[in-house]
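The values are calculated or read from the model by the stated rules, or taken from the named source; none is laboratory data. Bear in mind that the values here come from a model prediction, so they are computed numbers and not experimental data. Cβ sites come from the backbone with ideal geometry, for glycine too, and all protein chains shown count toward neighbours. In case anyone asks, the SASA skips ligands and DNA or RNA and just uses the protein heavy atoms, side chains included. Shrake-Rupley method; radii C 1.70, N 1.55, O 1.52, S 1.80 Å.
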Amino acid sequence: MQDYISPNSQTISSLRASVQERLAVSLEHLLFDVFAAFNTGQISTQALKGTLDKECGFPSASVFALHGVLLKAALSQNVSKVPQAASALAGVLERSADRSTALQITPFGLPDLHNDDCWVLQDAFADDIGLTSDLRTPDKSLVMGAQSLIFQAVDLLKAAAPEWYHEFILLADQLLLAESSSDTHWFVGAAVFDAFGAVLLNPAALTDLPSTVMALIHESSHQQMFLYHLDDPIVLNPAEEGYPSPLRKEPRPMEGIFHAMWVSARMALAANALLTHNAAAEWHQDLTQQKLQAIGAFRDCEATVAAHGDLCEFGKTLFENARSAVNAI
């Protein structure tokens, strides 16, 4: 059985290339066919193809997010956001072409992000339960502390688990630091396909090196699963059906539980790799606890998926991959 759960930068690089090609084709159709009336000439077909060509580097999450706005508008036939999206796209493409290929850690909001990026990324990350629907820039001291911990975590992956590091950079090289505007709402992180390549992180939740490295693995593993969904539904359960979830109070769709199971397994595997390489590190005990919590979350989700999951053949393979990998720890 092929191993899909272990880090594999070659596979992820190939899937990213496919995503980039599909993005270019879809944007061309949306801009020049579906919404041609809203494209005022700022973007030509040649310019679009040139900016999204693989030789120009990978697009920023904002390009994906604007594509998401246009695609949803086409599917819903609600064009209220199309003028703003079409107007913003030229500038976002230009900034995307100029962006560094190195890891970027950016506070969410002005002046660190352009106003167009703020708008469209907020739209992409907004959830339906209020956790990430109204984002604000964290306090500067929180940002500085989080940046330091993230760089430490990335350096740790690079030194102790390079295969995890290389895959992480391919999945999430844009880290956005934000917090909820509501004091009653709390989140650790978020990842959405409409902002592919970026993950949202709450710096207040990054309190030490173990929690930070696990947050990075957690959110980037969601991005990995998004790539696996490109040509396969994986989970066939109806989206409107809810099932018991160990990680949330309210019932969740099976796809959400499957994602939670998958990322929990990946967190346990990554933690185990780091612990094996750094048996005497000062954070060993804390990361061991993180690993045990991830295994516990995996077991809870595993039981729900086994009992209620309707999986396609690829989904069954992923399920067995996760189960076998955690069993082997």
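In nanometres, what is the gap between the two model label sites at Ala306 and Val188, each 7 Å from Cα along Cα-to-Cβ?
2.3
Using a 10 Å cut-off on Cβ atoms, rank the peptides 205-211, 141-147 from the highest mean neighbour count down. Spell out each step's value before the answer.
Values: 205-211: 18.6, 141-147: 16.6.
In decreasing order of mean packing, 205-211, 141-147 become 205-211, 141-147.
Taking K and R as +1 and D and E as -1, what net charge do the other residues with C-beta under 14 Å from the C-beta of Glu302 add up to? Write down the numbers at each step before the final one.
Details: positive: Arg266, Arg299, Lys316, Arg323; negative: Asp300, Glu320.
Around Glu302, the charge tally is +2.
Compute the length gained on full extension between Asp139 and Asp33: take 0.36 nm times their separation in residues and subtract their Cα-Cα distance, giving the result in nm to one decimal. Could you put the intermediate results ahead of the total?
On the way: separation 106, 0.36 × 106 = 38.16 nm, distance 4.38 nm.
Using 0.36 nm per residue and subtracting the Cα-Cα distance, I get 33.8 nm.
Which aspartates and glutamates, if any, have their Cα less than 20 Å from the Cα of Lys81, not counting same-chain residues under 8 positions apart?
Glu28, Asp33, Asp116, Asp117, Asp123, Asp127, Asp128, Asp134, Asp194
Provide the net charge surrounding Ser60, with neighbours chosen by a C-beta distance below 12 Å and charges set as Lys +1, Arg +1, Asp -1, Glu -1.
Values: positive: Arg95, Arg99; negative: Glu94, Asp98, Asp116, Asp117, Asp173.
My count for the surroundings of Ser60 gives -3.
Which lysines have a Cα less than 29 Å from the Cα of Lys158, not counting those fewer than 8 places away in the same chain?
Lys54, Lys140, Lys291
Which percentage, to the nearest 5, of the DSSP beta bridges contained in the chain is antiparallel?
Numbers: 6 of 15 bridges.
The antiparallel fraction comes to roughly 40 percent.
Can you list residues from other chains, or at least 5 along the same chain, whose modelled amide H is less than 5 Å from the amide H of Ala281?
Counting only residues 5 or more places away or on other chains, the set is empty.
Give me the percent of the accessible area of the chain that comes from carbon and sulfur atoms, probe 1.4 Å, all protein chains in place.
Values: 7570 of 14790 Å².
The computed percentage sits at 51.
Among 250-257, 2-9, 59-66, what's the highest-first ranking by average C-beta atoms within 10 angstrom per residue?
Working: 250-257: 18.1, 2-9: 16.6, 59-66: 26.8.
Ranked from most to least packed, the peptides come out as 59-66, 250-257, 2-9.
May I ask for the distance between the Cα centers of the range 260-308 and the range 1-54, given as a whole number of Å?
Between the Cα centres of the range 260-308 and the range 1-54 lies a distance of 34 Å.
Would you grab the residues whose amide H sits under 5 Å from the one on Leu311? Only those 5+ places off in sequence or on another chain, please, with H modelled 1.01 Å from N.
Distant-sequence amide H within range of Leu311: Leu236.
What do you reckon, how do Ile234, Ile295, Ile129 stack up by accessible area (1.4 Å probe), largest on top? Working shown, then result.
Details: Ile234 0, Ile295 35, Ile129 80 Å².
Sorted by accessible area, descending: Ile129, Ile295, Ile234.
Leu89: net charge of surrounding residues, Cβ under 13 Å, Lys/Arg +1, Asp/Glu -1, itself excluded? The partial results should precede the final answer.
On the way: positive: Lys81, Arg95; negative: Glu28, Glu94, Asp116, Asp117.
That works out to -2.
Using 1/(1 + (r/R0)^6) with R0 = 35 angstrom and r between the beta carbons of Ala47 and Phe151, what's the FRET efficiency to the nearest 0.05? Mind dumping the intermediate values first?
Numbers: r = 35 Å, r/R0 = 1.00.
For R0 = 35 Å, the calculated efficiency reads 0.50.
Need one word for the chain: rounded, prolate or oblate. Basis is the Cα gyration tensor (sqrt eigenvalues a ≥ b ≥ c); a/c below 1.5 gives rounded, then a/b vs b/c decides. Before the final figure, lay out each step's value.
Values: a/c = 1.63, a/b = 1.38, b/c = 1.18.
Prolate shape, in that a/c is at least 1.5 and a/b is the bigger ratio.
If amide H atoms are built 1.01 Å from N in the plane of the peptide, which residues on other chains or at least 5 residues away come under 5 Å of the amide H of Arg252?
Placed amide hydrogens put Tyr243, Ser245 under 5 Å from Arg252.
Separation of the range 151-227 and the range 74-92 by C-alpha centroid, Å?
Centre-to-centre distance over Cα atoms comes out at 28 Å.
Tell me the mean residue ellipticity at 222 nm calculated for the chain from its helices only (DSSP H runs of n ≥ 4, each -39500 (n - 2.57), averaged over every residue, nearest 500). Before the final figure, lay out each step's value.
Values: 11 runs with 188 residues, N = 329.
One gets -19000 deg cm²/dmol as the mean residue ellipticity at 222 nm.
Sort the following peptides by mean Cβ neighbour count (other Cβ atoms within 10 Å, averaged over residues), highest first: 173-180, 106-113. Spell out each step's value before the answer.
Values: 173-180: 22.2, 106-113: 16.4.
Ranking the peptides 173-180, 106-113 by packing returns 173-180, 106-113.
Relative to a virtual label point 7 Å from the Cα of Glu282 in the Cα→beta-carbon direction, which members of the range 206-234 show backbone nitrogen distances below 20 Å?
Only 206-214 fall inside the zone, counting backbone N under 20 Å.
Taking a virtual spin label 7 Å from the Cα of Ala239 along the C-beta vector, which residues in the range 64-99 bring their backbone nitrogen under 17 Å of it?
68-78
Taking loop as defined by DSSP and a crowding limit of 13 other beta carbons within 10 Å, which GluC sites (Glu not before Pro) in the range 267-329 fit? If you can, show how the numbers build up before the last one.
Values: sites: Glu282, Glu302, Glu313, Glu320; in loops: Glu282.
Taking the range 267-329 and a limit of 13 other Cβ atoms within 10 Å, the loop GluC sites (Glu not before Pro) found are Glu282.
Determine the per residue accessible area of the range 9-231 with all protein chains present and a 1.4 angstrom probe, expressed in square angstrom. Please list the in-between numbers first.
On the way: 9550 Å² over 223 residues.
With the other protein chains kept in place, the range 9-231 gives 43 Å² per residue.
Under a cut-off of 14 Å between alpha-carbon atoms, report the aspartates and glutamates in cross-link reach of Lys316, not counting same-chain residues fewer than 8 places apart.
Asp3, Asp232, Glu255, Glu302
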